[in-house]
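Encoded as structure tokens, the structure appears first; notes follow it.
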């Protein structure tokens with residue numbers, strides 16, 4: 001019947017996977033087939049195919065690609081309910097990741113091992129490896145590269161549901177360590193990195209007062225006036241998105257330059273409206289002096305009200 005039919009189709013999928021040229025892609029395809037087999041109750045065949053996927057992954061020359069491939073096979077194993085095997089493979093992936101010379105690559109590899117660990121239910125190990133990824137990111141020379149490595153790690157931490165304050169405090173410290181080159185009118189690497197970490201904190205549901213205080217401190221510690229304004233606006237905006245209304249408004253009002261202050265107030269008002277806090281949103285909008293910005297904020301609040309109304313119907 002259908003079961004035999006399905007098994008022969010699995011065999012064809014397996015043949016196709018084995019014929020893939022690149023080792024990284026081949027090991028990923030094999031582990032996908034294995035995961036599907038396991039879910040279809042073909043446990044023994046699945047284990048055999050996972051072993052093949054691992055052999056291919058271990059044969060990959062470059063350490064970065066080898067570490068990525070091992071993490072990916074381990075993730076599929078965890079999905080297939082083979083937690084213990086997945087955890088063993090992740091220890092191997094970690095050793096490989098740590099051996100990578102280049103700091104940018106090493107940080108990326110550690111990040112992907114940590115992500116896979118979180119998915120395999122290894123929360124504490126994941127936290128440790130994320131800490132290592134942040135440490136390595138901090139050692140990256142170029143401001144742009146350090147900023148982008150930090151953003152990737154912070155985003156992965158949020159995706160993995162990491163809620164440890166110490167980890168986020170460390171991420172904020174890395175953002176603080178970024179030096180901007182030259183004088184810029186647009187946001188520099190440091191303020192963009194701070195924005196990435198703050199947005200990731202929102203996504204991870206971090207609402208701890210002390211943590212956001214630290215984010216504001218990092219913003220206020222920036223010597224360049226324009227960069228300080230960008231950073232403060234970004235943090236105030238993120239605080240509003242995190243639902244810390246009072247603190248967000250306070251932060252926005254503390255911005256000394258009118259244009260940036262209005263921008264932050266507008267963003268806070270819009271975030272409140274989206275959360276259905278009409279009164280507070282209107283209060284915030286009222287305190288915007290620039291008529292153009294005030295009008296824009298009020299339009300957004302009105303649209304948010306209508307959207308809520310539409311959903312309510």
Task: Unique residue being under 19 Å from the mean Cα position of the chain (by Cα), assigned to a helix (DSSP H, G or I), in contact (Cβ under 8 Å) with a residue 24 or more places away in the chain and surrounded by fewer than 23 Cβ atoms within 10 Å (Cβ to Cβ) when the list is 155, 124 - done: 155
- [ ] Give the residue, chosen from 291, 302, 269, that is under 14 Å from residue 246 (Cα atoms) and free of Cβ contacts under 8 Å to residues at least 40 places away in the same chain.
- [x] 269
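Please indicate, with yes or no, whether at least one residue in the range 289-301 is surrounded by fewer than 14 Cβ atoms within 10 Å (Cβ to Cβ) and closer than 22 Å to residue 199 by Cβ. Steps first, please.
Keep residues of the range 289-301 that are surrounded by fewer than 14 Cβ atoms within 10 Å (Cβ to Cβ), which gives 289, 291-292, 295, 299.
Now drop any that are not closer than 22 Å to residue 199 by Cβ, which leaves none.
So far as the range 289-301 goes, no, none of its residues is surrounded by fewer than 14 Cβ atoms within 10 Å (Cβ to Cβ) and closer than 22 Å to residue 199 by Cβ.
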- [ ] Give just the number: which of (1) in contact with a helix residue (DSSP H, G or I) (Cβ under 7 Å, 6 or more places away or on another chain); (2) in a helix (DSSP H, G or I) does residue 162 not satisfy?
- [x] (2)
- [ ] Report whether or not residue 129 is in contact (Cβ under 8 Å) with a residue 24 or more places away in the chain, buried (at least 20 other Cβ atoms within 10 Å of the Cβ) and within 22 Å of residue 52 (Cα to Cα).
- [x] no
Open item on the list: Any residue that is outside any helix (DSSP H, G or I) and farther than 20 Å from residue 119 by Cβ - is there at least one of those in the range 22-33?
Closed with: yes
Task: Single residue of the range 219-241 satisfying the filter (in contact (Cβ under 8 Å) with a residue 40 or more places away in the chain and over 21 Å from residue 271 (Cβ atoms)) that is surrounded by the fewest Cβ atoms within 10 Å (Cβ to Cβ) - done: 221
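Every read-out reported here was derived from the displayed coordinates using simple, explicitly stated rules and does not represent laboratory data. Note that the structure is a prediction, hence the values are computed from the model and not measured. Using ideal geometry, Cβ is built from the backbone for each residue, glycine included, and neighbour counts are taken over all protein chains shown.
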